[in-house]
Amino acid sequence: MLNGNKLVVILPVFLMIFLFVGGAVYVQQSEEVTNEALHEEVEWETLMTHNGENEGLTTLRAAWEWTAMPSEGLAGEDYIGVTFLDEDGQPMQAELADESHIHLTYGNEVVYEDEAVSVENGFVFSFPNETDEHQSFGDRGNIEVTVETEDNPQRAIVSYLHTWEAHDGLEKTDARFFEPVLSGMRDSDSSYWVIERYVDNEESANE
């Protein structure tokens with residue numbers, strides 16, 4: 001009878017421990033992601049609007065955030081390109097107007113900021129992708145680009161190039177990153193990926 005009572009008490013305890021450990025292992029595994037698969041963990045908020053007082057001015061705003069951190073850690077440099085398209089889907093000639101900036105954030109603090117570089121088919125931002133004193137750089141941030149064009153762009157493409165190997169920089173010639181040249185990277189064919197997000201202007205989306 002005593003052994004039976006012990007069994008009744010011990011079994012639920014062991015069951016609780018098993019469920020707790022198993023759940024912890026599951027959560028840990030579900031939160032782990034490789035750099036190669038990180039493109040599935042990027043969330044975006046985007047908006048493109050035209051300036052009502054000056055139809056030639058268009059502003060694109062985009063913010064991104066990773067929902068998981070790569071298990072291998074952070075290294076290298078990341079890049080975001082912006083291309084504006086006309087009604088035929090062709091890249092437009094656009095000049096930077098009021099401002100263009102990128103902000104990396106950690107919590108509510110801005111930890112990095114810079115401006116865009118103009119290329120033939122748009123604009124390119126570059127930013128660090130690393131961890132410094134327990135702060136992460138590159139997993140969260142926002143961009144804003146205001147351009148002046150003859151006709152209002154109908155769509156914009158936000159291209160995101162993520163790398164996970166230290167290198168000497170990107171040859172900034174293409175905002176779409178079709179064949180990126182990453183100087184000094186040992187394995188340039190497998191140490192980066194590119195994802196794109198299409199953003200329609202508010203007026204076209206509401207028509």
*Can you name every residue in the stretch 31-49 that is more than 22 Å from TYR192 (Cβ to Cβ), modelled with pLDDT under 95 and not in a helix (DSSP H, G or I)?*
THR49
_Output for the stretch 92-110, where each listed residue is free of Cβ contacts under 8 Å to residues at least 40 places away in the same chain, part of a strand (DSSP E or B) and open to solvent by 70 Å² or more (accessible area, probe 1.4 Å)_ = TYR106, GLU109, VAL110
*From ARG197, ARG176, grab the single residue that is assigned to a loop (DSSP other than H, G, I, E, B) and open to solvent by 10 Å² or more (accessible area, probe 1.4 Å).*
ARG176
*Within the group GLU130, GLU113, GLU120, which residue is of a type in the set (D, E, K, R), surrounded by fewer than 13 Cβ atoms within 10 Å (Cβ to Cβ) and under 18 Å from the mean Cα position of the chain (by Cα)?*
GLU113
*For the stretch 121-138, what are the residues that are in contact (Cβ under 8 Å) with a residue 40 or more places away in the chain and either more than 24 Å from THR173 (Cα to Cα) or part of a strand (DSSP E or B) (or both)?*
GLY122, PHE123, VAL124, PHE125, SER126, PHE127, PRO128, GLU130, THR131, SER136, PHE137
*Check GLU148, GLU130, GLU179, GLU171 and return the single one that is acidic (Asp, Glu) and closer than 26 Å to LEU47 by Cβ.*
GLU148
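The values are calculated or read from the model by the stated rules, or taken from the named source; none is laboratory data. What you are looking at is a predicted structure, and each value in this text was computed from that prediction instead of being measured. Positions of Cβ are backbone-derived with ideal geometry, glycine not excepted, and every protein chain shown enters the neighbour counts. Each accessible area value is taken on the protein alone, full model and side chains, heavy atoms only, with ligands, DNA and RNA left out. Shrake-Rupley method; radii C 1.70, N 1.55, O 1.52, S 1.80 Å.
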